[in-house]
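Asker: Structure in structure tokens, see below.
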Amino acid sequence: VYKVYCEDLYNGDKHAGKILVHRNITKEFEVDQMKSEFVSTVSHELRTPLASILGFTELMMNRELKAERQKKYLATILSEANRLTALINDFLDVQRMEAGKQTYEKKYIELKPILNNVINHQQVHTQLHHFTINSDTDNDVILGDKLKIEQIFTNLINNAIKYSPDGGTIKVNLYNKNDRLCVDIEDMGLGIPEEALDKIFTKFYRVDNTDLRRIGGTGLGLAIVQEIVKAHLGDITVRSTYGQGSIFTVSFPSVPSVIDNEAGDDGND
Ligand code: ADP
């Protein structure tokens with residue numbers, strides 16, 4: 001992107017002519033575009049839950065409602081308020097990570113109980129999806145920050161649910177490969193177009209298609225996941241067939257089994 005404009009040239013006080021300036025403003029243009037996308041995403045994502053909190057609160061104040069209906073509205077208000085909290089936490093996390101201020105409290109932890117916990121928590125949000133967990137390893141210990149590791153799998157499993165609107169099975173597979181402990185999260189959902197595969201980990205990026213526009217999101221989840229994975233010397237990759245489903249694979253350095261015993265039952269709730 002170029003900005004073209006005319007500038008007067010002076011020799012001392014004397015007008016000496018005009019020059020045509022072509023300035024490459026691609027970078028500024030991209031930054032501006034990112035900023036305006038950010039503002040519109042943030043305001044949309046914050047406004048939607050706020051509108052329903054305000055709407056239902058007003059309804060409850062202005063009408064005589066049966067207890068059952070009141071309870072239903074309160075449940076909606078609670079879940080929308082939780083959504084707002086999660087969004088704000090995501091924004092803060094990204095800011096902290098970018099400022100290099102994120103801290104990690106690493107301990108030896110077992111992955112399998114963490115995956116089971118995350119699945120149990122996420123299962124509450126869906127009646128359509130079926131979960132399977134398969135573990136093909138007897139050493140599932142990594143050196144990690146338990147809450148942050150939970151966040152990785154919460155985001156990935158939440159996406160697997162969100163982008164499989166018609167349900168299907170979500171398979172979680174834990175195994176060892178070349179001294180690494182790997183977790184596959186596989187869904188049978190919408191899939192990701194090939195040209196988007198290397199962009200989805202970029203902050204605020206969301207695949208642009210009408211089906212997906214109806215599914216709420218900030219485009220921050222995978223950027224956060226990638227940061228946490230990196231901070232644990234891990235790696236994340238994705239394979240996907242558009243229209244059929246996706247497999248996200250996260251891997252961490254395995255911890256030698258001598259240290260396994262120290263992990264205790266740290267992973268359990
Ligand atoms: P969000 O879900 O809030 O948009 P993410 O950073 O978690 O943000 O994901 C970025 C984009 O990657 C999503 O908008 C979606 O287009 C795509 N995506 C992520 N996970 C999946 C998945 N399991 N199936 C299909 N598309 C996905």
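Read-outs: derived from the displayed coordinates by stated rules, not from any lab. Source: prediction; values computed, not measured. All Cβ positions, even for glycine, are placed from backbone atoms using ideal geometry, and neighbour counts span all protein chains on display.
Asker: For the pair residue 128/residue 57, report the inter-label distance in nm, with labels modelled 7 Å from Cα in the Cβ direction.
Answerer: Label-label distance for residue 128 and residue 57, simple model: 3.0 nm.
Asker: Now for a different question. Fewest to most neighbouring Cβ within 10 Å: what's the order for 50, 181, 156?
Answerer: 50, 181, 156
Asker: A follow-up question, please. What pairs from 72/171; 171/203; 3/35 go past 30 Å between their alpha carbons?
Answerer: Correct reply: 72/171.
Asker: So, one more: Can you show me the helix-derived [θ] at 222 nm for the chain, built from DSSP H runs with n ≥ 4 at -39,500 (n - 2.57) apiece and divided by the number of residues, rounded to the nearest 500.
Answerer: -14500 deg cm²/dmol
Asker: Projecting each Cα onto the charge dipole of the chain (Lys/Arg +1, Asp/Glu -1 at the beta carbon, about the Cα centre), which of 85, 238, 4 comes out farthest on the positive side?
Answerer: Going by the Cα projections, it comes out as 4.
Asker: Just want the answer: with Cβ charges of +1 for Lys and Arg and -1 for Asp and Glu, which residue in 152, 95, 134 is farthest toward the dipole's positive end in the chain?
Answerer: 95
Asker: Can you tell me, using C-alpha contacts under 8 Å and at least 6 residues apart, the relative contact order of the chain as a whole percent?
Answerer: Result for the chain is 18 percent.
Asker: With +1 on the Cβ of every Lys and Arg and -1 on the Cβ of every Asp and Glu, and nothing else charged, how large is the dipole of the stretch 87-137 about its Cα centre, in debye rounded to the nearest 20?
Answerer: Roughly 120 debye, rounded to the nearest 20.
Asker: Separate question: Of the chain, which part is the longest with no GluC sites (Glu not before Pro) in a loop (DSSP not H, G, I, E, B) and with at most 15 other C-beta atoms within 10 angstrom?
Answerer: 106-269
Asker: Exposure proxy check: 214, 96, 180 ranked by fewest other beta carbons within 10 Å?
Answerer: Exposure proxy ranking, most exposed first: 214, 96, 180.
Asker: Karplus couplings for the stretch 92-106 from phi (6.51 cos²θ - 1.76 cosθ + 1.60, θ = phi - 60°), rounded to Hz, Gly and Pro as x?
Answerer: Per residue, the Karplus-derived 3J(HN,Hα) values read 5, 4, 4, 4, 4, 5, 5, 7, x, 9, 6, 10, 10, 9, 8 Hz.
Asker: Order these by the 10 Å Cβ neighbour count, fewest first: 103, 41, 154, 85.
Answerer: Ranked by crowding around the Cβ, least crowded first: 103, 85, 41, 154.
Asker: Using the Cα gyration tensor of the chain, with a ≥ b ≥ c the square roots of its eigenvalues, what is the shape: rounded (a/c below 1.5), prolate (a/b larger than b/c) or oblate (neither)?
Answerer: oblate
Asker: Right, another one. Ordered by residue, what ³J(HN,Hα) values in Hz, to whole numbers, does the stretch 120-136 give under the Karplus form 6.51 cos²θ - 1.76 cosθ + 1.60, where θ = phi - 60° and Gly and Pro are x?
Answerer: Using θ = phi - 60°, the values come out as 4, 5, 6, 4, 4, 7, 9, 9, 7, 9, 10, 10, 10, 10, 10, 10, 10 Hz.
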